Amino acid sequence: MTEPAEVRTLSGAGGGISTMLRAALPTLPGVNQLPGVKKTSRDLPDLAFRREGVVVERDHVSAYARVCGFPVKDVAPLPYLHMVAFPLHMAIMSDQSFPFPAIGTVHLENRIVQHRPVRIGESVSAVAQARNLRVHSKGRAFDMEVSIEADGETIWESTSTYLRVGKGDKENGERGLDLAAVTSGGATWRLPADLGRRYAAVSGDSNPIHLHPLTAKTFGFPRHIAHGMWTKARAIAAIENRLPDAVCVEAAFKKPVFLPSSVTFGARATATGFDFAVNSAKSKAPHLLGRARSL
């Protein structure tokens, strides 16, 4: 990660309802024109946020594992450190210098590189920076890059690609990861109506599109949808016991998963790892396509 011009330290846990309310202000008519709220920049800020000395606590890891379908171990599930990273995403996107409102920005893809598992009780430090603003076929895309260290060693990295829907370039704009479709196997997951609220409680991602039909309708959805990172975590949980400690797992989020609903899961072994998918139980259309590869 290139050293930014400014690095700020995020104190406390970050995230949660207060952060989401602040992130929502630039979407409110009238309020979005106020000084300190109005978005005026056209470029990503040369800014990073850090979190220092975050302890990986057993109670929180266990709560996350229950929601996402992981067994309880002495190491955290592979995608767990996104819980440390997400408040940094929000700190950057809710900063006035950031060009787009956080609410309404679409999470397209996520790539996690785990160099080794993080142990329960370890203390980690994380840094995040938004980079690579570019033209997408459906608008403008950018990457939120995160690096997490323990004892001076980089143990986990992620790149989350976000989209701001708008004037894109259908012919020359980026189209994203090219991932293989996978036919679902025998696994069907029935997702309850409160899944978004349960995941929000452990992740701090209280985006209203995930919480309740009424709040989701405010942002144009017929009802609330599951978090993309829950869907990815649940898919990883299904193949976790077949993955090495040092691994890269990529996923592209396709059609939203409306709640409640039923989805199916499928995975296929390849020469270098696994391809996997979460599909609609009804239409068979993909909600998520992914792949896992050894480092």
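The values are calculated or read from the model by the stated rules, or taken from the named source; none is laboratory data. Computed from a prediction, not measured in an experiment: that's the story for all the values here. With ideal geometry, Cβ positions are generated from the backbone for all residues, glycine too; neighbour counts draw on all protein chains shown.
Can you name the residue in the range 248-295 that is surrounded by fewer than 20 Cβ atoms within 10 Å (Cβ to Cβ) and among the β-branched types (V, I, T) and is also modelled with the highest pLDDT among such residues?
Checked the range 248-295; the qualifying residue modelled with the highest pLDDT is T264.
Could you pull out the residue among A193, A238 that is out of contact with any Leu (no Cβ under 9 Å at 6 or more places or on another chain) and more than 27 Å from H136 (Cβ to Cβ)?
So the residue among A193, A238 that is out of contact with any Leu (no Cβ under 9 Å at 6 or more places or on another chain) and more than 27 Å from H136 (Cβ to Cβ) is A238.
Which one of G220, G196 is under 23 Å from F86 (Cα atoms) and either out of contact with any helix residue (DSSP H, G or I) (no Cβ under 8 Å at 6 or more places or on another chain) or not assigned by TED's automatic domain parsing to the domain that holds L88 (or both)? Even if it seems obvious, please write down each step before you answer.
Working: G220 fails: under 23 Å from F86 (Cα atoms).
Exactly one of G220, G196 is under 23 Å from F86 (Cα atoms) and either out of contact with any helix residue (DSSP H, G or I) (no Cβ under 8 Å at 6 or more places or on another chain) or not assigned by TED's automatic domain parsing to the domain that holds L88 (or both), namely G196.
Kindly evaluate V124 against the criterion of being farther than 23 Å from D43 by Cβ and surrounded by 14 or more Cβ atoms within 10 Å (Cβ to Cβ).
It is true that V124 is farther than 23 Å from D43 by Cβ and surrounded by 14 or more Cβ atoms within 10 Å (Cβ to Cβ).
Sort out for me the strands (runs of 3 or more DSSP E) sitting completely within the range 178-275 that have 2 or more residues that are within 22 Å of R111 (Cβ to Cβ) and either acidic (D, E) or in contact (Cβ under 8 Å) with a residue 24 or more places away in the chain (or both).
On the way: elements: 187-191, 247-253, 261-269.
Fully inside the range 178-275 and qualifying: 247-253, 261-269.
Regarding the range 52-64, can at least one residue be identified that is surrounded by fewer than 14 Cβ atoms within 10 Å (Cβ to Cβ) and at pLDDT below 90?
Within the range 52-64 (the criterion being surrounded by fewer than 14 Cβ atoms within 10 Å (Cβ to Cβ) and at pLDDT below 90), the answer is no, since none of the residues qualifies.
Within the range 143-161, which residues are closer than 21 Å to V249 by Cβ and more than 13 Å from the chain's Cα centre (by Cα)?
At the first step, the residues of the range 143-161 found to be closer than 21 Å to V249 by Cβ are 143-150, 153-161.
If the condition is that a residue be closer than 21 Å to V249 by Cβ and more than 13 Å from the chain's Cα centre (by Cα), then S147, I148, E149, A150, E153, T154, I155, W156 are the ones that fit.
Just to check your reading of the model, which residue among F100, F86 is under 26 Å from D46 (Cβ atoms) and more than 14 Å from the chain's Cα centre (by Cα)?
F100
Do you know which residues across the range 132-151 are among the basic types (K, R) and surrounded by 15 or more Cβ atoms within 10 Å (Cβ to Cβ)?
K138, R140
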